[in-house]
Amino acid sequence: MNDSFSEKLASAVVRWSHHQELAGFAHDCALFCADVLEGCTFAALGQTGRRMRLSHLAATGTVDDAPWHRQLQWREGPSFHAVATGATVSASALDAGERWPRWSAAWTAVNGHGAVRAFPLRHEDTIIGVLELWTRRPEDAARLPATLSEHVAAHFAMVRRHEHLDRALTTRTVVGQAQGIVMERFDLTAEAAFAVLSRLSQHQNIKLTHLARRLVAGGAVDGLTPAGDDGEAEELPSA
């Protein structure tokens, strides 16, 4: 890659470091790849979840993105192979047809006789996502810089960690607010109020955070009736 690419990558890395939400970072990254990489017709990012399930984050390019979404639906294709093996996957139209027949038919229909590369994104020893790039020609795919995926993975991990911490802080705050409401309404200790919320959550099969948000927003919560003569909150039925 030339100096121009290095300069554009350096600028992108600075921009990526300011993202605080994974979806925004992924969209920015996909746009960068599709716009800057020579011969790149399409770029997509996905993230792994439980049991290494792959889900969509962002996709952009000059061709139809239907094959990318069908890959996620069918669980067949280069990105799934990259996540499963932990290795970069490269394939031409012919190779793809032999390895992933159903996905390849959809991909070739929109991308012609190009090539695809899927880079697993690692954080420490864990695969946290994938970067998939399509090119017009196999030789374009061969020139795609592997170091790009290292930059993407590093910022992917950083933004995801920030997002998780922010979500955890928000959850902790709203549960604490709901706990305070129950303490005041039923004259309970903090421990007893949390126990009431936990039992309601389990009995109604609702996540504790969802129940807490409803209570904080002023909505009705089944089972939270005014205190009786003894000042105790209503006991939940046995599970």
With a ≥ b ≥ c from the Cα gyration tensor eigenvalues, square-rooted, and the rule rounded for a/c under 1.5, otherwise prolate when a/b > b/c and oblate otherwise, the chain is prolate
Label model pair residue 147, residue 14: point-to-point distance (7 angstrom along the Cα→beta-carbon line) in nm is 1.8
Using alpha-carbon coordinates alone, the radius of gyration and Dmax of the range 3-144 in Å work out to 14.4, 42
Rounded to whole angstroms and listed largest first, the alpha-carbon spread of the range 75-128 along its three principal axes comes to 37, 18, 15
Long-range alpha-carbon pairs in the range 31-104, meaning those over 14 Å apart, account in percent for 64
Counted neighbours (other Cβ, 10 Å), sorted fewest up, put 25, 32, 5, 194 in the order 5, 194, 32, 25
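Starting with the fewest neighbours, write out 79, 4 ranked by other beta-carbon atoms found within 10 Å of each beta-carbon.
Listing 79, 4 from fewest to most nearby Cβ atoms yields 4, 79.
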Under the Karplus relation with 6.51, -1.76 and 1.60 and θ = phi - 60°, whole-Hz ³J(HN,Hα) for the range 20-27, x at Gly and Pro, equal 10, 10, 5, 4, x, 4, 4, 5
With label points set 7 Å from each Cα along the Cα-to-Cβ direction at residue 207 and residue 6, the distance between them in nm comes to 4.5
Length gained, residue 23-residue 222, 0.36 nm per residue minus C-alpha separation, equals 68.1 nm
Of all GluC sites (Glu not before Pro) in the range 69-124, the ones in DSSP coil with at most 10 other Cβ atoms within 10 Å are 124
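Every number in this text was worked out from the coordinates using simple rules, so none of it is lab data. Because the structure is a prediction, the values reported are computed rather than measured. Note that we place each Cβ from the backbone using ideal geometry, even for glycine, and neighbour counts take in every protein chain shown.
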